[in-house]
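The values are calculated or read from the model by the stated rules, or taken from the named source; none is laboratory data. This one's a predicted model, so the numbers in the text were calculated from it and none came from an experiment. Counting neighbours? That spans all protein chains shown, and the Cβs are built from the backbone with ideal geometry, glycine included. These area figures cover heavy atoms from the full protein model, side chains too; ligands, DNA and RNA do not enter into them. Shrake-Rupley method; radii C 1.70, N 1.55, O 1.52, S 1.80 Å.
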Amino acid sequence: SRFLPRLKALHATRRRLALERQRVVMALGKLSAPAMATLDEALVREQLKALSDLDGRAPSDLRAAYDALDQTLDLRQQARFRQFEHQVERRKFELMLQARRAEKNRNPR
């Protein structure tokens, strides 16, 4: 009963960090676009600092979420969960590659 809320918190932390990173990177893209007549250096520095801060904070946020989750699991379960996560990520990557290959075969250039 304690595992699922902590797993959801881990996923929420990952999503939040990914969305924050995407937001900052997109802002940097807009600020530095060739279409911009002038570069607002202060805003660019601000966004670069925000990205650096996020990159520094993300590992500790994730570690805290994993630590909370690990409190609900015994050692074997922790190991199996990490293995399961790795397999899911690998499979997701494989499916993306297959989709790209299929798209490339459908639309040869």
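Can you tell me the accessible area per residue over the chain, all protein chains present, probe 1.4 angstrom, in square angstrom?
That works out to 80 Å² per residue.
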How about Lys30: which aspartates and glutamates have a C-alpha closer than 14 Å to its C-alpha, ignoring those fewer than 8 places off in the same chain? Asp40, Glu41, Glu46
Probe radius 1.4 Å, ligands and nucleic acids left out: which of Thr38, Thr13 has the largest accessible area, and how do the rest follow? Thr38, Thr13
Along the charge dipole of the chain, pointing to its positive end and built from +1/-1 on Cβ of Lys, Arg, Asp and Glu, which listed residue (Leu95, Leu43, Ala12) has its Cα farthest out? Leu95
Pop a pseudo-label 7 angstrom from the Cα along the beta-carbon direction at both Asp67 and Leu28 and give the gap in nm to one decimal. 2.8
P(r) histogram, all alpha-carbon pairs of the chain included - 5 Å bins from 0, percent: 2, 10, 12, 14, 13, 13, 13, 11, 7, 3, 1, 0
Mean residue ellipticity (222 nm) of the chain, computed from DSSP H runs ≥ 4 via -39,500 (n - 2.57), nearest 500: -30000 deg cm²/dmol
Can you give me the distance in nm between label points at Met36 and Glu89, each placed 7 Å from the Cα along the Cα-to-Cβ direction? 3.2
With Cα atoms, 0 to 90° folded angle of helix 41-70 axis to the chain main axis: 10
Those trypsin sites (Lys or Arg not before Pro) from region 1-76 that are DSSP loop and have at most 13 other Cβ neighbours within 10 Å turn out to be Arg2
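Got the relative contact order for the chain handy, in percent, Cα pairs under 8 Å and 6 or more residues apart?
35
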Where the accessible area of region 11-103 is counted over protein heavy atoms with a 1.4 Å probe, how much of it, in %, is carbon and sulfur? 60
Take the eigenvalues of the Cα gyration tensor for region 65-109, scale each by 5, and report the square roots as semi-axes in whole Å, largest first. 37, 9, 4
